[in-house]
């Protein structure tokens, strides 16, 4: 089952991800280490900037999605929010529990772990939800439960 998701779309997603990673990582670590912003502000800024770039590149380049922009943008935003909360919500307590040391070291490592978790969650979410072609319902067609 998982093998069907290893294809040209995954390769394109990785290329887009490299671009997003360079841009987003610079924003995140720059805000945290140079501007003194918090863990949550820094990591969120990464995904706000990266998500705008990612939406455009993945919609047209990776998934060649021709569906409506508003619906796909809403699904994309939901996907990003869920993936962000899951990835960083898992990463920070996990790293704090496993890595002794300074708060700065722990939070930098947690941001790296969060990035890795986010990539996996995000690929599946974009492929299966955000840019999936949903079948159109025929209003004349009765639901199976009506029969």
What is the helix-to-structure angle for 8-29, meaning the angle in degrees between its Cα long axis and the longest Cα principal axis of the chain, kept from 0 to 90 and rounded to the nearest 10? 40
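Given a cut-off of under 8 Å on Cα pairs at least six residues apart, what relative contact order in percent is computed for the chain? Don't skip to the end; give the middle numbers.
Working: 116 pairs, mean separation 33.7, N = 147.
Averaging sequence separation for qualifying contacts and normalising by length gives 23 percent for the chain.
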Along Cα→Cβ, 7 Å out, is where each label goes; now give me the distance between the ones at residue 56 and residue 134 in nm to one decimal. 2.6
In degrees between 0 and 90, to the nearest 10, how far off the longest principal axis of the chain does helix 103-125 point, with axes built from Cα atoms? 10
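For the stretch 79-127, what does the alpha-carbon gyration tensor say about shape, rounded, prolate or oblate, given a ≥ b ≥ c as the root eigenvalues, a/c under 1.5 as rounded, and a/b over b/c as prolate? Could you put the intermediate results ahead of the total?
Numbers: a/c = 3.15, a/b = 2.85, b/c = 1.10.
Note, shape of the stretch 79-127 comes out prolate.
Rounded to the nearest 500 deg cm²/dmol, what is the calculated helix-only ellipticity per residue at 222 nm for the chain, with -39500 (n - 2.57) per DSSP H run of length n ≥ 4?
Values: 4 runs with 94 residues, N = 147.
One gets -22500 deg cm²/dmol as the mean residue ellipticity at 222 nm.
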Once you put a point 7 Å from the Cα of residue 48 and another 7 Å from the Cα of residue 105, both along the Cβ direction, what distance in nm separates them? 3.1
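Rank these for me by crowding, 118, 131, going from fewest to most other beta carbons within 10 Å.
Values: 118 26, 131 22.
Exposure proxy ranking, most exposed first: 131, 118.
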Heads up, the chain by the C-alpha gyration tensor (a ≥ b ≥ c square roots of eigenvalues; a/c under 1.5 rounded, else a/b over b/c prolate, else oblate) looks prolate
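Using 0.36 nm per residue of separation minus the Cα-Cα distance, give me the extension gain between residue 77 and residue 97 in nm, one decimal.
Details: separation 20, 0.36 × 20 = 7.20 nm, distance 3.02 nm.
Full-extension gain reported as 4.2 nm.
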By how many nm would the segment from residue 7 to residue 68 lengthen if fully extended, with 0.36 nm per residue of separation less the alpha-carbon distance? 19.5 nm
Quick one: angle between helix 69-98 and the longest Cα principal axis of the chain, in degrees between 0 and 90, rounded to 10, please. 40
Label residue 22 and residue 116 with points 7 Å out from Cα along Cα→Cβ: what is the distance between them in nm? 2.3
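Bear in mind these aren't lab numbers, they're just calculated from the coordinates by the rules spelled out. Just so it is clear, the model here is predicted, and its values are computed rather than measured. Methodologically, a virtual Cβ is constructed for each residue, glycine included, from the backbone with ideal geometry; neighbour enumeration extends over all protein chains shown.
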